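One structure below.
The values are calculated or read from the model by the stated rules, or taken from the named source; none is laboratory data. Since we're looking at a predicted model, the values are computed, not measured. Cβ atoms come from the backbone with ideal geometry, glycine included; neighbour counts cover every protein chain shown. Areas reflect the complete protein model, heavy atoms only, side chains present, ligands, DNA and RNA absent. Shrake-Rupley method; radii C 1.70, N 1.55, O 1.52, S 1.80 Å.
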Amino acid sequence: MNILYIGTHNSIHDLKWMKYFANREDFKVFFVSERQHLPTQLLTSEIQAEYEKHGITYIGYLNSFSIRKIFSFIKSAIWLRQQLQKHHIDLVHILFATPHALWGLMVNTPYIITTRGSDILLVIPQLKKTTNLKGLYFRLLYRFFKSAFEKASLVTCTSLAQLKKVTELFQIKSTKIIRTGVDVHLISEIKKPQLLNRLLQNQKFVFSPRFFSPIYNIALQIQALEYLPQHIIRNYTFVFIRGKHYDENYSATLLLNLTQLKYTIGLKFIVEDYLDQESIWMYYKQASLTIMTPLSDGTPNSALEAMAGRCPVILPNLPYDSDIFQNATLVLKHNDPHQLAQLIEKALSEYPTEMLDLAYLRVNELGNRQIEMRNLEVLYKQLTFSHKASQTQDQNLS
């Protein structure tokens, strides 16, 4: 089966979906991205090497939709159709709805749209709410997205909230929940303590895996540290990840606040610049607690990985999928530093063993990447078989 993916060139999640199929002998994987996501016309050598390593063929970029540059968009649409013929593409998979879903209107091949969270929960609904002259343009865009969704052979969502929103907004033929999932077996089996920062060897620590970005509300976690009892401050190191791309002012403020707490209450902390996949798995497995406090979220792989590593988890009070997270993690009901401090103290002293067991069971059943991708494979085969059967019937009738 030849699959063409349309996505973002540096998306870790896109790569996870693509490489599962690219590493198979019975699939051939092609990839295009939009021009607006690329600093140049070509991928960086690092990203290109990663695609080549997994057998993913990058065939070029598309010019994004714009009324002012409509001919450039049409030119890309013609080129895209030519690529579908040239590479004998059986199925197109659009990996993020905004703005990529619009390409569905330009192809004559069966296609899938995947929503990931903010695309369908925030961006597309907001198009209907904008007023004035700009609002006219946004409402036109909304109609285009609506048509693209209704034309799709299938829409997959990574959370129940997304599926509900898709159903509310559009007349959809078919929808399914397919989560990105995590490598539960690999996380369970990994034993590489040498991947931890040397300062953490034989030390207890609390882990904050989301990057230094306002959306992840790391500031709330730092505020909560000031209200922790001294025995926790004395016995635990608090570990953060800044990430490869970050807001310099926000990051500087967080680092300043952490440094001040070092001198006022004796806080021990480490800020990692970045952690590779195996390293972050080891951090989950060795941490006494993982904390996440984002202001908005989908189905967070970071939480799923922590659950697979049997690490206690604190999550914010967001509409996470109940079939996975309900009664499987501690929940911060309000974004209040005092309440978070109390929850941290509770988690470190009396986290229920049965909650860890339930969390592992849930992620193994509902957030396991191997299972999710096998479910997606079944859908791929059903769609292509149905399309070919329809083509054969049309040919016979003619």
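If I take R0 = 51 Å and measure r between the Cβ atoms of Q201 and I59 in this structure, what FRET efficiency does the formula 1/(1 + (r/R0)^6) give, to the nearest 0.05? Intermediate results must be reported in sequence, preceding the final value.
Working: r = 46 Å, r/R0 = 0.91.
Computed FRET efficiency for Q201 and I59: 0.65.
Leaving out ligands, DNA and RNA, and with a 1.4 Å probe, what % of the accessible surface on segment 317-398 is carbon or sulfur? Don't skip to the answer; put the middle values down first.
Values: 2320 of 4850 Å².
Carbon plus sulfur share of accessible area: 48 percent.
Could you compute the FRET efficiency for F385 and R310, with r as their C-beta to C-beta distance and R0 at 45 Å, rounded to 0.05?
Values: r = 40 Å, r/R0 = 0.89.
Using R0 = 45 Å, I get an efficiency of 0.65.
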Taking the Cα centre of segment 331-398 as the origin and placing charges on Cβ (Lys, Arg +1; Asp, Glu -1), which of P337, L383, I371 is farthest toward the positive end of the dipole? L383
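Starting from 0.36 nm per residue, how many nanometres of slack lie between K75 and Y137 once their C-alpha separation is accounted for? Intermediate values should be presented prior to the final figure.
Details: separation 62, 0.36 × 62 = 22.32 nm, distance 2.13 nm.
So the extension gain works out to 20.2 nm.
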Residues of segment 229-266 with amide N under 16 Å of the 7 Å Cα→Cβ point at I12: 240-247
Quick query: amide H of D297 versus all other amide H atoms, modeled in the peptide plane; which residues come in under 5 Å with a sequence gap of 5 or more or a different chain? none
What is the set of long-range amide H partners of H9 at a cut-off below 5 Å, with H atoms built 1.01 Å from backbone N? E34
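For segment 207-334, how big is Rg over Rh, using alpha carbon atoms and the Kirkwood form of Rh? Walk me through the numbers before you get to the answer.
Working: Rg = 14.3 Å, Rh = 15.1 Å.
With Rg and the Kirkwood Rh in hand, the quotient comes to 0.94.
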Contact order relative to length of the chain, as percent, for alpha carbon pairs under 8 angstrom and 6 or more apart: 13 percent
Pick out the long, greasy-scoring helices in the chain: whole DSSP H runs spanning 18 Å or more along their own axis by Cα, mean Kyte-Doolittle at least 0.0. 70-86, 353-366
State the percentage of accessible surface on segment 95-174 attributable to carbon and sulfur atoms; use a 1.4 Å probe and exclude ligands, DNA and RNA. 60 percent
Residue among S208, S302, S349 with the largest mean-square fluctuation in a Gaussian network model of the chain, springs linking Cα atoms under 10 Å: S349
Once amide H atoms are placed 1.01 Å from N in the peptide plane, what residues at a sequence separation of 5 or more from K268, or on another chain, have their amide H within under 5 Å of its amide H? F238
Relative contact order as a percentage, segment 275-398, C-alpha pairs under 8 Å and 6+ apart, gives 22 percent
So what are the three principal axis dimensions of the chain from its Cα atoms, in whole Å, longest to shortest? 80, 50, 41
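With every protein chain kept in place and ligands, DNA and RNA left out, what is the accessible area per residue of the chain? Probe 1.4 Å, answer in Å².
Working: 19450 Å² over 398 residues.
Averaged over the residues of the chain, the accessible area is 49 Å².
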Between the residues L304, I215, F238, the Cα farthest towards the positive end of the dipole of segment 186-304, that dipole coming from +1 and -1 charges on the beta-carbon of Lys, Arg, Asp and Glu, is from F238
With a 10 Å cut-off between alpha carbons and a GNM built on the chain, which of H100, H245, H338 moves the most? H245
Extension gain, N327 back to E377 (0.36 nm per residue minus Cα-Cα distance, nm): 14.9 nm
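Taking a ≥ b ≥ c as the square roots of the Cα gyration tensor eigenvalues, with a/c under 1.5 meaning rounded and otherwise prolate when a/b beats b/c, else oblate, which class fits segment 166-262? Spell out each step's value before the answer.
Numbers: a/c = 2.46, a/b = 1.49, b/c = 1.65.
Since a/c reaches 1.5 but b/c is at least a/b, the shape of segment 166-262 is classed as oblate.
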With a Förster radius of 35 Å, plug the Cβ-Cβ distance of S213 and Q85 into 1/(1 + (r/R0)^6) and report the FRET value to the nearest 0.05. 0.25
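Express the carbon and sulfur contribution to the solvent-accessible surface of segment 192-298 as a percent, rounded to the nearest whole number, probe 1.4 angstrom.
Working: 2490 of 5190 Å².
Percent of accessible area from carbon and sulfur atoms in segment 192-298: 48.
By its C-alpha gyration tensor, with a ≥ b ≥ c as the square roots of the eigenvalues, how is segment 312-393 shaped: rounded for a/c under 1.5, else prolate for a/b larger than b/c, else oblate?
prolate
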Subtracting the Cα-Cα distance of V271 and S296 from 0.36 nm times their residue separation yields 6.7 nm
How would you rank 362-372, 170-180, 150-160, highest first, on the average number of other Cβ atoms within 10 Å across their residues? 150-160, 362-372, 170-180
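Which shape class applies to segment 41-183: rounded if a/c is under 1.5, otherwise prolate when a/b exceeds b/c and oblate if not, where a ≥ b ≥ c are the square roots of the Cα gyration tensor eigenvalues? If you can, show how the numbers build up before the last one.
On the way: a/c = 1.66, a/b = 1.22, b/c = 1.36.
Since a/c reaches 1.5 but b/c is at least a/b, the shape of segment 41-183 is classed as oblate.
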